[in-house]
Amino acid sequence: MSAGDIYHQFISGIEQTRPLEFIGVFAGIICVWFSRKENILVYPVGLINTVIYIYLSVKGRLFGEASVNLYYTAMSIYGWILWAKKDKLKHETILHVTYSNRKEWIQHLSFFGAFYLVIFFSLTWAKQAFAPEAIPWADAFASATAYTGMWLMAKKKVESWIWWIATNVASIPLYFVKGYVFTSVQFMVLLVLAIAGLITWQQKAVDAKIKHMRSLND
């Protein structure tokens, strides 16, 4: 496919984008902006995005992505609860941005690997049975990285952004090929925000560690 073909497909895709997809895209971008700011509004806004994309993904036969958004919905509620918890004495949020240790990294990779295999083989079967347009390896990778990123974001782990970056990189061409051009553009924006989020949370983790050390010395 030439650059001209990609451009014409992009323009055509934007023209065919329905209002529901526009709403989902903007909710997704706002959601990631809130998460970068460590603002709890990430979750209610995120629920708007996930519900819309469950519908769009099923319609586009992106079953791995549909499962991701169903999972997002559940994890948004879980994360909302964790982020809202406060210390009864200090009236401060209990959960802070932190780095993962070696044991947690092994857990992350195992979590990703397990979901990748389950989704890949499920989509391989679906491709043969009733969804010939499915792309098992790409959809499984985008889905499994997103599963991992969402889980770690609920726990305010810096590494969640690394998984989000991987998700966005995989999703840009995946949604473009499927005809959701505006959603593909969304993932380009989200990729930039994810990189910014990683930088911001790295600094937050350092600040939280310094604050903790000072509290121990007081």
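The values are calculated or read from the model by the stated rules, or taken from the named source; none is laboratory data. From a predicted model like this one, the values you see are computed outputs, not experimental measurements. Reconstructed Cβ throughout: ideal geometry from the backbone, glycine too, with neighbour counts over all protein chains shown. Protein only, heavy atoms only, side chains kept; ligands, DNA and RNA dropped before computing areas. Shrake-Rupley method; radii C 1.70, N 1.55, O 1.52, S 1.80 Å.
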Full-extension gain in nm, residue 199 to residue 96, via 0.36 nm per residue minus C-alpha separation: 35.5 nm
Gain in span if fully extended, residue 88 to residue 18, counting 0.36 nm per residue against the direct Cα distance: 20.6 nm
Share of carbon and sulfur in the accessible heavy-atom surface of the chain [1.4 Å probe, %]: 70 percent
Rounded Å value of the spacing that divides the Cα centres of segment 175-215 and segment 82-142: 16 Å
Cut-off under 5 Å, modelled amide H: who pairs with residue 100 long-range: 158, 159
Percentage relative contact order, the chain, counting C-alpha pairs under 8 Å, at least six apart: 23 percent
For the chain, with +1 on Lys and Arg beta carbons and -1 on Asp and Glu, the positive-most of 138, 32, 107 along the dipole: 107
Translational diffusion of segment 94-153, µm² s⁻¹ [Kirkwood Rh, Cα pairs; Stokes-Einstein; 20 °C; 1.002 mPa s]: 168 µm²/s
Acute angle (nearest 10 degrees) that the helix 19-36 long axis makes with the longest principal axis of the chain, alpha-carbon atoms: 30 degrees
Degrees separating the helix 181-217 axis from the principal Cα axis of the chain, which is the longest one: 10 degrees
Cα-based helix-to-principal-axis angle, 160-178 vs the chain, degrees rounded to 10: 10 degrees
Structure-derived mean projected area of the Cα convex hull in nm²: which label, when the choices are (1) 19.4; (2) 11.5; (3) 13.1: (3)
Hits among lysines - C-alpha to C-alpha of residue 86 under 23 Å, sequence gap 8 or more where chains match: 37, 155, 156, 157, 204, 209, 211
Heavy-atom accessible area per residue - the chain, 1.4 Å, Å²: 54 Å²
Efficiency of FRET between residue 74 and residue 118 - r from beta-carbon atoms, R0 22 angstrom, step 0.05: 0.85
Check: the chain dipole with +1 on Lys, Arg Cβ and -1 on Asp, Glu Cβ, in debye: 780 debye
Length added when fully stretched, residue 213-residue 130, from 0.36 nm per residue minus Cα-Cα: 24.2 nm
Rounded to the nearest 10 Å², the accessible area of residue 87 at probe 1.4 Å: 60 Å²
